[in-house]
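The values are calculated or read from the model by the stated rules, or taken from the named source; none is laboratory data. These numbers were taken from a predicted model, which means no experiment stands behind them. Positions of Cβ are backbone-derived with ideal geometry, glycine not excepted, and every protein chain shown enters the neighbour counts. The area values use the complete protein model at the heavy-atom level, side chains included, leaving out ligands, DNA and RNA. Shrake-Rupley method; radii C 1.70, N 1.55, O 1.52, S 1.80 Å.
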Amino acid sequence: MSARARQDNQPAYVLHTYPFRETSLVVETFTRAHGRVAMVARGAKRPRSALRGNIMAFQPLELTWSGRGELRLLLRAEWQGGQPRLQGRALLCGFYLNELLLKLLPREDAHEQLYAEYQAALARLAQEPEPESVLRRFEKALLRELGYALTLDRDSANGAGIDAQQSYAYEPERGLVALNGSAQAGLVLSGRALLDIARDDYSDPYTLQQAKALMRLLIGHRLEQKPLNSRRIFEELQQL
C-alpha cells in the first residue's frame with residue numbers, strides 16, 4: 001500500500017456517525033491535516049470491535065485510514081484523552097458546532113487554524129457555565145476560515161470607522177452601512193456592539209444578543225436558509 005493511500009496517527013475528531021450495511025458505520029471526521037474526511041469503520045457495530053469504544057464525538061483521537069475514494073477505510077482509532085466530557089447544554093452546543101462543520105466545510109480542505117479553534121471551543125464548553133460567547137467566537141472563526149471574514153470596524157459605503165454612538169444596518173452581500181434616518185433593509189446593530197464583536201469582547205449582555213443575531217443572519221445566508229437540526233432541538237428543549 002502506498003504512503004499516499006494511507007494516513008497514520010492523524011489528529012482528528014468525530015463529527016457524526018451513521019449505520020453502513022449491517023455491522024459497519026460511516027464516520028464523518030474533522031482532521032487537523034486533511035480537513036473533513038468520511039471513513040467506513042468496518043464491523044464497528046459488533047460488540048467486540050476494536051473501533052467501537054473509541055469512535056466518540058468531542059474527544060481527541062488519532063486515526064489511521066487508507067484509500068483514495070470518497071469513503072476511506074478507518075483502520076485504527078486511538079483516544080488521546082484530556083478533554084472533559086460535555087454534558088447538558090454544553091453537549092447540545094457541541095452538536096451545533098459539529099453540524100456547522102458538516103454543512104459548511106468542503107471535504108478534504110485542511111483548516112488547521114479552525115481545527116485549533118474547534119479544540120479550544122470544546123475545552124471552553126466543558127468549563128464555562130454560559131456557552132454563548134464560546135459559540136459566537138467559533139462562528140466568527142468559521143466564517144473567517146471559509147473566506148467570509150467580517151469587517152466590523154468600517155462602514156462599507158465610505159470606509160469610515162464605526163462610531164460607537166451610531167446605528168448600522170448589516171446586509172450579507174454588502175456589509176455595514178450607517179443608518180441615515182431613511183428606511184434600510186438589513187439587521188440593525190449598534191456601533192458599540194460592533195466594536196465589541198470585532199475584538200471578541202462579549203462581556204456586555206447586549207453585545208452578546210447583537211452578536212447572536214448577526215451570526216444567525218450570516219450563517220443562515222451561507223446555508224441558504226436551510227435549517228439546522230441542532231438549533232431546532234435546542235429551541236424545543238427550551239420550550240419544555
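Observations on the structure shown:
- Accessible solvent surface per residue of the chain, calculated while the other protein chains remain in place, 1.4 angstrom probe, Å²: 53 Å²
- Relative contact order (%) - criterion: Cα under 8 Å, at least six apart; region: segment 1-101: 26 percent
- Candidates P106, P172, P47: whichever shows maximal mean-square fluctuation once the chain is modelled as a Gaussian network with Cα springs under 10 Å: P47
- Split the accessible area of the chain by element, probe 1.4 Å, and carbon with sulfur accounts for 47%.
- C-alpha long axis of helix 229-238 to longest principal axis of the chain, angle in °: 70 degrees
- For the chain, modelled as a GNM whose springs connect Cα atoms under 10 angstrom apart, the maximal fluctuation among L179, L194, L102 occurs at L179.
- Order of exposure, largest accessible area first, which applies to L189, L75 with probe 1.4 Å: L75, L189
- Helix-only CD estimate at 222 nm, as mean residue ellipticity for the chain, using -39500 (n - 2.57) per DSSP H run (n ≥ 4): -11000 deg cm²/dmol
- The value for segment 1-92 of Rg(Cα) / (2.2 N^0.38 Å) is 1.06.
- Rounded to the nearest 10 degrees, the inclination of helix 88-104 to the longest alpha-carbon principal axis of the chain is 90 degrees.
- Around R52: net Lys/Arg minus Asp/Glu count, Cβ-Cβ under 12 Å: +4
- The chain: most fluctuating residue of Y148, Y18, Y170 per GNM, C-alpha cutoff 10 Å: Y18
- Centroid-to-centroid separation of segment 93-112 and segment 25-85 [C-alpha atoms, Å]: 15 Å
- Alpha carbon convex hull of segment 57-114, projected area averaged over orientations, nm²: 5.0 nm²
- Segment 119-240 has equivalent-ellipsoid semi-axes of 26, 17, 14 Å, by the square roots of 5 times the alpha carbon gyration tensor eigenvalues, sorted largest first.
- Low-density loop positions, GluC sites (Glu not before Pro), segment 18-96 - DSSP coil, at most 13 other Cβ in 10 Å: E22, E70
- A simple charge model with +1 on the Cβ of Lys and Arg, -1 on the Cβ of Asp and Glu and nothing else charged puts the dipole of the chain at about 1200 debye relative to its Cα centre.
- Just so you know, the Cα atoms of segment 1-47 work out to an Rg and Dmax of 11.8, 32 Å.
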